[in-house]
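Here's the structure we're looking at; comments come further down.
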Amino acid sequence: MINQLEKKEQSLATGMIKEGLRKASTALASILNSPISIKKIDFGVDSMSKFNVADSKSYDLLRTELIGEIQGVCHLIFTQEEIRRIIDTCLPKELYTGAPSELELMELEFITEIDNMVSATIISQFSNILDVEMFGNVPSLHTIKSNEVKEYLEAESNKYNSTLHFKSIFQGEELEVSPHFTWMVQDEFVTKIKDMAVLQ
């Protein structure tokens, strides 16, 4: 969809998205207390399916539904090994002496809060610049096999009738993580971009 916009509209949209992703990488680095860079940014529905489906890994998808004037869904996607690495680094077990079930709940709350804070940076970016009411719903965690990720994301895109798709790959420079951050947004985003272009 980005490629179908006029040059000025395309510049506005990609600039806003890239700045939002930059802020998201900064937020993730702050939470993990470890440098995070943006390895790659892809646009288009095809970018949603670029996962290594040949391996036997499971992925943890942190899902946030976008609600308000601009709707859609985003996913912060880690391998389960990366999630365990984050938890071991940020929530070392020796600092907690409660029951195992309480520890599991604390870990889940911490991981979903990562998604909440990282997603909020882009949601705020869109809301402020486009002057719309836009919020993130409560994040949820979904564990999916690698060979099911593409089908899952395609179903999500169809569910929201998404017309704008983009994805970034973050890269931990010290902590060994490389999460994918996918966004699927309805056509209202493009409408607002076109309105902005007319006024500038």
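Numbers below:
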item	result
Check on Ser30, at pLDDT 85 or above, among the small types (Gly, Ala, Ser) and either out of contact with any strand residue (DSSP E or B) (no Cβ under 8 Å at 6 or more places or on another chain) or part of a helix (DSSP H, G or I) (or both)	yes
Subset of the stretch 1-25 [touching a helix residue (DSSP H, G or I) at 6+ places or on another chain (Cβ under 8 Å) and free of Cβ contacts under 8 Å to residues at least 60 places away in the same chain]	Asn3, Gln10, Thr14
Failed criterion for Val118 (all others in (1) part of a loop (DSSP other than H, G, I, E, B); (2) buried (at least 18 other Cβ atoms within 10 Å of the Cβ); (3) modelled with pLDDT of 90 or more hold)	(1)
Test: residue in the stretch 123-132 that is closer than 23 Å to Asn33 by Cα and touching a helix residue (DSSP H, G or I) at 6+ places or on another chain (Cβ under 7 Å)	yes
Hits in the stretch 73-93 - residues which are closer than 26 Å to Met48 by Cα, of a type in the set (Val, Ile, Thr) and touching a residue at least 40 places away in the same chain (Cβ under 8 Å)	Val73, Ile77, Ile86
Criterion (out of contact with any helix residue (DSSP H, G or I) (no Cβ under 8 Å at 6 or more places or on another chain) and under 24 Å from Thr79 (Cβ atoms)) met by exactly one of Leu141, Leu105	Leu105
Where Ser127 falls short, out of the listed (1) in contact (Cβ under 8 Å) with a residue 60 or more places away in the chain; (2) surrounded by 17 or more Cβ atoms within 10 Å (Cβ to Cβ); (3) within 24 Å of Gly68 (Cβ to Cβ); (4) not hydrophobic (A, V, I, L, M, F, W, C)	(1)
Where Val132 falls short, out of the listed (1) touching a Gly at 6+ places or on another chain (Cβ under 7 Å); (2) part of a helix (DSSP H, G or I)	(2)
Selection count where residues are in contact with a helix residue (DSSP H, G or I) (Cβ under 9 Å, 6 or more places away or on another chain) and within 20 Å of Gly68 (Cβ to Cβ), scope the stretch 169-187	5
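The values are calculated or read from the model by the stated rules, or taken from the named source; none is laboratory data. These figures come from a predicted structure and were not determined experimentally. Note that each Cβ is placed from the backbone with ideal geometry, even for glycine, and that neighbours are counted across all protein chains shown.
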